[in-house]
Structures are given as structure tokens and as C-alpha cells.
Amino acid sequence: MKEPGRLDKERMCCSCYLCKTEKKFGIAKSGYRKRLEAMDREIVDYLNGDY
């Protein structure tokens with residue numbers, strides 16, 4: 001330990017279902033999902049002529 005009472009965060013790689021839920025079950029992360037929804041709205045607005 002570099003500092004007493006503080007955990008060293010190096011190499012905290014875990015592949016359990018709790019830590020990697022999105023990857024194991026193919027769920028899109030929230031930031032990625034929001035970008036996809038925004039792109040879908042832009043496409044719908046373009047097709048409706050609301051651009």
C-alpha cells in the first residue's frame with residue numbers, strides 16, 4: 001500500500017456478472033443509448049421535414 005487506509009486501485013479487473021452486466025447480457029450503456037436515441041430523433045425530424 002502506498003498510503004495506509006487507502007486501497008490501491010491498480011488492476012481491479014473483474015469479469016463477474018455484477019461488474020460486467022452490460023457486456024455479458026448485450027445491454028447498451030446509458031451514454032451510448034442516449035446518443036442512439038438522439039440520432040433516431042434527428043432522422044425522424046429530417047423525414048418529417050422538421051429540421
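The values are calculated or read from the model by the stated rules, or taken from the named source; none is laboratory data. Worth saying up front: this structure is predicted, and the values here are computed from it rather than measured. Neighbour counts run over all protein chains shown; Cβ positions are idealised from the backbone, glycine included. The protein model used for the area step is the full one, side chains on, heavy atoms only, and it has no ligands, DNA or RNA in it. Shrake-Rupley method; radii C 1.70, N 1.55, O 1.52, S 1.80 Å.
Quick notes
- The C-beta contact set for region 28-51 (first residue free of Cβ contacts under 8 Å to residues at least 40 places away in the same chain, second residue of a type in the set (D, E, K, R) and not in a helix (DSSP H, G or I), distance under 9 angstrom, 6+ apart or interchain) comprises VAL44/ASP50.
- Selected residue (only one of GLU10, GLU42, GLU37 is in a loop (DSSP other than H, G, I, E, B) and either modelled with pLDDT of 90 or more or open to solvent by 100 Å² or more (accessible area, probe 1.4 Å) (or both)): GLU10
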